[in-house]
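The values are calculated or read from the model by the stated rules, or taken from the named source; none is laboratory data. All values reported here derive from a predicted model rather than from experimental measurement. Note: ideal-geometry Cβ built from the backbone for every residue, glycine included; neighbour counts use all protein chains shown. Ligands, DNA and RNA are excluded from the accessible area calculation, which covers all protein heavy atoms including side chains. Shrake-Rupley method; radii C 1.70, N 1.55, O 1.52, S 1.80 Å.
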Amino acid sequence: MINLYIYLSNEKKPYFSKEAEKLVKIQIENSLHLGWGKEDILLVTNFDYEYLGIKATKIDSDLCWNPKANKIWAIVYMFDNDMINDNMFFHDLDAFQLYPFFNTPNDVGQIDLAFPNYGHREKYNTGIIFFSSQSKDIFKDLKTFMIKNKSRDEEEGLMDMFDMGKNKKYTNRFKILDIKYNVGKHYTEKKFIEAKTPMIIHFHPEKQRNYNFYCLGENELKKPLINKDLIKLIEKHCLY
């Protein structure tokens with residue numbers, strides 16, 4: 001399985017935003033610490049970048065009108081250019097893996113596409129996506145659907161396209177994952193408890209209040225919600 005990060009900049013001269021550059025460094029170091037091999041970490045950008053021996057794969061993809069949906073455009077480009085021949089674990093730069101796993105989780109199984117929702121609402125969350133090399137048509141359909149319907153949100157576009165599981169074309173090809181794969185903001189303590197063993201925590205660590213909440217334990221559970229090693233990385237790069 002490949003650990004995939006994507007960041008396409010919509011600027012005329014592409015680059016990481018200040019926040020994103022902090023996050024990508026945290027992600028790379030955290031992935032290496034968890035045991036991912038450098039050969040299994042794939043950072044896709046539309047500009048040159050390298051950190052700790054992880055060199056970005058620069059692509060010339062077109063861009064979505066909504067920068068947050070660029071991941072879909074990039075994945076379609078990757079499929080069209082034969083860059084995907086393995087199972088993929090995509091996660092946003094602010095979605096942090098807490099425990100080691102290097103193969104497709106049993107929760108995902110042999111499904112083509114799997115992702116969590118937000119936990120407190122049914123909307124799909126595409127900040128974490130497990131997908132197989134057989135899912136090319138789904139991503140291409142989603143890009144086409146978004147263009148045709150002028151959708152600004154790939155999550156809502158995906159929900160509309162799948163018709164909440166009723167569209168027979170995609171029946172049995174996607175799966176909604178347990179909340180342990182997306183413990184994010186809003187009712188976080190409740191999600192943390194329900195997850196039992198959270199695998200991915202989804203938050204913006206450069207915000208002081210989030211650092212206090214997730215790292216210092218200033219929450220209803222009165223404890224940090226991430227491990228000490230990740231806290232150290234956040235402190236190293238976010239300069240608290």
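So here's what we get for this one:
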item	result
Relative frequency of Cα-Cα separations exceeding 30 Å in the chain, percent	23 percent
Charge dipole magnitude, Cβ of K and R +1, D and E -1 - the chain, Cα centre, debye nearest 20	480 debye
Kirkwood Rh and Cα Rg combined as Rg/Rh, the range 105-240	1.04
Selection from ILE2, ILE26, LEU42 lying farthest towards where the dipole of the range 1-51 points positive, charges on Cβ	ILE26
The range 78-130 - convex hull of the alpha-carbon atoms, volume per residue in Å³	119 Å³
Relative pair counts by distance (%), Cα atoms of the range 101-155, 5 Å bins	4, 16, 22, 24, 19, 10, 3, 1
With all protein chains modelled, accessible area of ARG121 [1.4 Å, Å²]	110 Å²
Whether the range 25-120 is rounded, prolate or oblate, judged on the alpha carbon gyration tensor where a/c under 1.5 counts as rounded	rounded
Estimated 222 nm signal from helices in the chain, with DSSP H stretches of n ≥ 4 weighted -39500 (n - 2.57), rounded to 500	-9500 deg cm²/dmol
Cα gyration tensor, the range 151-191 - rounded (a/c under 1.5), prolate or oblate	oblate
Pairwise Lys count, the range 159-206 - Cα closer than 15 Å, eight or more residues apart or different chains	4
Average projected area [Cα convex hull, the range 170-240], square nanometres	5.8 nm²
Centre separation in Å (Cα based) which lies between the range 66-98 and the range 170-240	21 Å
Computed FRET value (nearest 0.05) for TYR99 with ASP160, which takes r as the C-beta separation and R₀ as 22 Å	0.05
